[in-house]
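The values are calculated or read from the model by the stated rules, or taken from the named source; none is laboratory data. From a predicted model like this one, the values you see are computed outputs, not experimental measurements. Backbone-built Cβ (ideal geometry, glycine too); neighbour counts: all protein chains shown. Accessible surface areas use protein heavy atoms only, side chains included; no ligands, DNA or RNA. Shrake-Rupley method; radii C 1.70, N 1.55, O 1.52, S 1.80 Å.
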Amino acid sequence: MILIDGKKIAAELREELKIEVSELKSKYNKIPGLTVILIGDMAPSQIYVRMKEKAANEVGLKSEVLRYPGEVEEKTILDKIEELNKDNSVSGILVQLPLPKHIDKQKVIESILPSKDVDGFHPMNVGNLSSGYESSIPCTPLGCYLLIKKIEPNLNGKKAVIVGRSNLNGKPMTQLLLKENCTVTITHSKTKDLKGECLKGDIIVAAVGMPELVKGDWVKKDAIVIDVGINKTEKGIVGDVAFDEVSKVAKALTPVPGGVGPMTIACLLKNTIECFKRSN
Ligand code: NAP
């Protein structure tokens, strides 16, 4: 079984991006800039933002984090985004989710210029991705896609089963694999016979948020299994895939942690650079 080492693959990607940033700097005499807006003091968001900032600095991007108290008015955020939209030194804008309840998430997402939407959540980018046009692609599914391609460069005609249909993961993942000519089944909480569906997959991507949902006898021999889930349990952080069981049947499997997570951050940097290149 191939253990898909997301940490190592993400480090390689960051190295490539670092070289690209320095080439862009020589070519345009400026560097891509990422601005992150962080609202409130939720510990996981603080940690994610620190990791993003560190990774951005490491590859040589200009990075900035704007911190606001949890009770900040929605208008203050929308006004700041409008200012960042007009700022040529800002290539990408990311508003760290979740937001406090009094702030309308969709309104905030839609206020970001699609060309600076490094998360790929703006309806324009969602539509472009599903139409097969150039777009920002949400970072986690993009990371999963790159991991799958490392194992199997030619996905033509493969059966892919996506578990979970969120806008963040399942739906964009479906679009990416469709574009690669996979036959994609998207499953969710109302799917009848989830095990039967999973058993058909040459590729399974699990993005649910349920510890070890996908069992060893749900997986076809030699399938590629990507585990997006991050679940806190008594035995520590586990994914949506029962790792020990599935590792006995799968051809390749991502660990949790150290699989998809590091790729998500590397893909955010990649998206920032893509936004910069498109705007220049
Ligand atoms: P989400 O928005 O809560 O969506 C979960 C999806 O799973 C929904 O479509 C839901 O179906 C489906 N589902 C729930 N119970 C199910 C069941 N018993 N059988 C089949 N499908 C079921 O979650 P998300 O934001 O996509 O996140 C999923 C997981 O990925 C979480 O553990 C999250 O922490 C993790 N995550 C990891 C990264 C990373 O970088 N590694 C990034 C983002 C998220 P319905 O639509 O029918 O409700």
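In the stretch 146-161, of all residues being closer than 17 Å to E197 by Cβ and of a type in the set (A, V, I, L, M, F, W, C), the one that is farthest from the ligand (Cβ to nearest atom) corresponds to A160. With respect to the stated conditions, L84 fails to be in contact (Cβ under 8 Å) with a residue 24 or more places away in the chain and out of contact with any strand residue (DSSP E or B) (no Cβ under 6 Å at 6 or more places or on another chain).
A quick yes/no check of all residues on (1) out of contact with any Pro (no Cβ under 6 Å at 6 or more places or on another chain); (2) more than 21 Å from K200 (Cβ to Cβ); (3) in a helix (DSSP H, G or I):
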| site | (1), (2), (3) |
| --- | --- |
| D79 | yes, yes, yes |
| V90 | yes, yes, no |
| K101 | yes, yes, no |
| I109 | yes, yes, yes |
| M124 | no, yes, yes |
| Y145 | yes, no, yes |
| P153 | yes, yes, no |
| K171 | yes, no, yes |
| L177 | yes, no, yes |
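Among residues of the stretch 227-264 being more than 8 Å from the ligand (Cβ to nearest atom) and within 16 Å of L13 (Cβ to Cβ), the one that is surrounded by the most Cβ atoms within 10 Å (Cβ to Cβ) is T254.
Among residues that are under 24 Å from K277 (Cβ atoms), surrounded by 24 or more Cβ atoms within 10 Å (Cβ to Cβ) and either small (G, A, S) or more than 14 Å from the ligand (Cβ to nearest atom) (or both), G143 is included. I need the full set of residues from the stretch 155-167 which are within 20 Å of T264 (Cα to Cα), open to solvent by less than 60 Å² (accessible area, probe 1.4 Å) and in a loop (DSSP other than H, G, I, E, B), in order please. G164, S166, listed by residue number. For the stretch 179-213, residues that are crowded, with 17+ Cβ neighbours inside 10 Å and part of a loop (DSSP other than H, G, I, E, B) total 9. Restricting the first member to the stretch 189-201 and to residues that are over 19 Å from V249 (Cβ atoms), and the second to residues that are within 10 Å of the ligand (Cβ to nearest atom) and modelled with pLDDT of 95 or more, the beta-carbon pairs closer than 9 Å and six or more apart or on different chains are S189/G164; S189/R165; S189/V208; T191/V163; T191/E197.
Looking at the structure I just gave you, is K101 without any contact (Cβ under 8 Å) to a residue 24 or more places away in the chain and of a type in the set (K, R)? Yes, satisfied. Within the stretch 126-137, the residues that satisfy the criterion of being in contact (Cβ under 8 Å) with a residue 24 or more places away in the chain and either outside any helix (DSSP H, G or I) or surrounded by fewer than 21 Cβ atoms within 10 Å (Cβ to Cβ) (or both) are S130, G132, E134, S136, I137. Hey, any hits in the stretch 168-178 for a residue that's closer than 25 Å to T35 by Cα and open to solvent by 20 Å² or more (accessible area, probe 1.4 Å)? Yes, some residue in the stretch 168-178 is closer than 25 Å to T35 by Cα and open to solvent by 20 Å² or more (accessible area, probe 1.4 Å). Being under 21 Å from the mean Cα position of the chain (by Cα) and either within 14 Å of the ligand (Cβ to nearest atom) or among the β-branched types (V, I, T) (or both): is that true of G164 here? For G164, the condition - under 21 Å from the mean Cα position of the chain (by Cα) and either within 14 Å of the ligand (Cβ to nearest atom) or among the β-branched types (V, I, T) (or both) - is met.
Across the stretch 48-77, the qualifying residues are those that are assigned to a helix (DSSP H, G or I) and under 17 Å from P100 (Cα atoms), and the one among them that is nearest to the chain's Cα centre (by Cα) is Y48. For L142, the conditions (1) over 28 Å from N181 (Cβ atoms); (2) in contact (Cβ under 8 Å) with a residue 60 or more places away in the chain; (3) not basic (K, R) are fulfilled apart from (1).
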